[in-house]
Amino acid sequence: MHTASLRRTCAALAAVSSLALAATACGGTTKEDVKNEGGAAASAGKADPNAATKKGLTVGFLPKQVNNPYFTSADQGGEKAVRELGSTFKEVGPTSATDTAGQVSYVNTLTQQQVDAMAVSAQDPGALCTALKQAMKNGIKVVTYDSDTNPECRNAFVSQASAEDLGRTEVQLLAEQIDYRGEIAILSAAQTATNQNTWIDFMKDELKDPKYKNMKLVEVAYGNDDAQQSFQQTQGLLQEHPNLKGIISPTTVGIKAAAQYLSGSKYKGKVKLTGLGTPNDMRTYVKNGTVEAFELWDPAKLGELAARTAVALASGQITGKEGETFTAGAMGEYTLGKDGVINLGKPTVFNAGNIDRFDF
Ligand code: RAM
């Protein structure tokens with residue numbers, strides 16, 4: 001029935017019959033509705049923690065970059081969990097970490113394919129918003145993992161660790177290695193990356209503490225999560241700042257390339273390097289004295305949690321609101337924090353003493 005004719009019918013009903021009947025037909029509230037409040041129909045959009053986990057779903061993963069070993073591990077963790085839960089996994093994504101337009105078109109592709117949920121690591125906070133909102137409008141649940149978009153453009157964000165902890169501890173790790181003095185630089189990923197930019201803001205804040213008064217951040221360089229560009233940026237930092245004492249690289253691609261450069265140069269062991277790397281990438285450089293300590297979480301666990309969150313959303317167990325809880329299989333129970341953020345846990349610091357215990 002068209003709105004105009006419905007309105008006409010309502011007016012007629014109100015005129016000829018009981019008020020309750022007219023109110024029901026025309027969308028008003030009746031006593032019966034009030035009594036049913038909290039029931040399934042009235043609470044559409046409310047989480048039901050006891051809802052059964054749906055099977056036969058399709059969950060799409062869209063990392064920042066597909067040929068990055070970090071995302072290979074993360075998405076393998078996602079795939080394993082999706083399969084265990086009886087659903088289908090697919091992965092799409094650009095090969096470059098600065099192909100934001102590519103990411104947008106992959107979101108649109110997943111929407112057209114009518115996946116049930118997608119897990120996205122955003123190259124840029126705002127660029128994906130319109131496409132992600134369109135996906136949600138089509139009933140698709142959207143989880144960001146690793147790198148967030150704006151909170152209103154997704155249902156939940158699975159964060160690798162507290163962004164504040166990550167930013168501050170990287171400064172602390174480097175400070176200890178350079179005895180709290182000297183010039184330092186940051187070698188980041190893409191200039192737009194939400195995760196790296198958030199960590200860098202906390203690094204800058206940490207550096208305001210008087211205990212770092214003899215340390216100076218002289219430059220933030222961007223290697224775009226490209227091995228060659230990151231290598232060249234490292235070389236450039238050392239040429240431009242001959243007194244540089246240390247580098248923080250909060251990207252697995254960046255820290256590996258920087259270690260490679262330092263390791264073959266006269267700066268090996270003299271200019272300190274820390275940040276976020278995988279133990280498998282960094283083992284050689286820890287053993288040959290280029291790197292003392294760095295940190296990371298287990299990327300496969302991050303992917304697993306993203307997958308389990310996506311399925312919990314698609315099953316109606318959570319909706320993305322603060323305070324909701326769900327069980328992520330053997331990983332245990334997780335509670336959604338402010339803005340629908342779910343924290344994986346604490347990162348691990350790797351050094352010569354423990355690096356051989358890790359294989360990722
Ligand atoms: C790179 C990516 C990713 C980041 C890790 C630490 O692989 O930039 O987004 O979380 O490094």
Next item on the list: State whether the residues of the range 173-192 include one that is under 21 Å from the mean Cα position of the chain (by Cα), open to solvent by 10 Å² or more (accessible area, probe 1.4 Å) and modelled with pLDDT of 95 or more.
Entry: yes
Check: What about N67, is it modelled with pLDDT under 95 and assigned by TED's automatic domain parsing to the domain that holds A135?
Finding: yes
Next item on the list: Among the residues of the range 105-124, count how many are open to solvent by less than 40 Å² (accessible area, probe 1.4 Å) and either within 25 Å of L57 (Cα to Cα) or modelled with pLDDT under 95 (or both).
Entry: 10
Next item on the list: Mind listing just one residue for me: the one in the range 49-66 that is without any contact (Cβ under 8 Å) to a residue 60 or more places away in the chain and not in a loop (DSSP other than H, G, I, E, B) and, of those, nearest to the ligand (Cβ to nearest atom)?
Entry: L62
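Restrict the check to the range 144-166 and report whether at least one residue is out of contact with any Leu (no Cβ under 7 Å at 6 or more places or on another chain), among the polar types (S, T, N, Q) and away from the ligand (no atom under 16 Å from the Cβ).
Within the range 144-166, one or more residues are out of contact with any Leu (no Cβ under 7 Å at 6 or more places or on another chain), among the polar types (S, T, N, Q) and away from the ligand (no atom under 16 Å from the Cβ).
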Next item on the list: Could you tell me whether the range 100-121 includes any residue that is among the charged types (D, E, K, R) and within 19 Å of N67 (Cβ to Cβ)?
Entry: no
Note to self: Here is a check on your reading of the model: is G353 surrounded by fewer than 19 Cβ atoms within 10 Å (Cβ to Cβ) and not in a helix (DSSP H, G or I)?
What the structure shows: yes
Item checked: Tabulated pairs, the range 267-293, first more than 13 Å from I247 (Cβ to Cβ), second of a type in the set (F, W, Y) and assigned to a helix (DSSP H, G or I), C-beta under 9 angstrom, 6+ apart or interchain -> T278/Y70; D281/Y70
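Return the only residue of P94, P69 being open to solvent by less than 20 Å² (accessible area, probe 1.4 Å) and within 16 Å of the ligand (Cβ to nearest atom).
P94
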Next item on the list: Run down T319, T251, T284, T278 and say which single residue is out of contact with any Gly (no Cβ under 8 Å at 6 or more places or on another chain) and closer than 30 Å to F89 by Cα.
Entry: T278
Notebook entry, point to check: Does L173 satisfy the criteria of being more than 14 Å from the ligand (Cβ to nearest atom) and in contact (Cβ under 8 Å) with a residue 40 or more places away in the chain?
Noted result: yes
Notebook entry, point to check: Given A306, A330, which one is open to solvent by less than 10 Å² (accessible area, probe 1.4 Å) and assigned to a helix (DSSP H, G or I)?
Noted result: A306
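The values are calculated or read from the model by the stated rules, or taken from the named source; none is laboratory data. Computed from a predicted model, the values in this text were never measured in an experiment. As a convention, Cβ positions derive from the backbone with ideal geometry for all residues, glycine included, and neighbour counts pool all protein chains shown. With ligands, DNA and RNA removed, areas are computed over all heavy atoms of the protein, side chains included. Shrake-Rupley method; radii C 1.70, N 1.55, O 1.52, S 1.80 Å.
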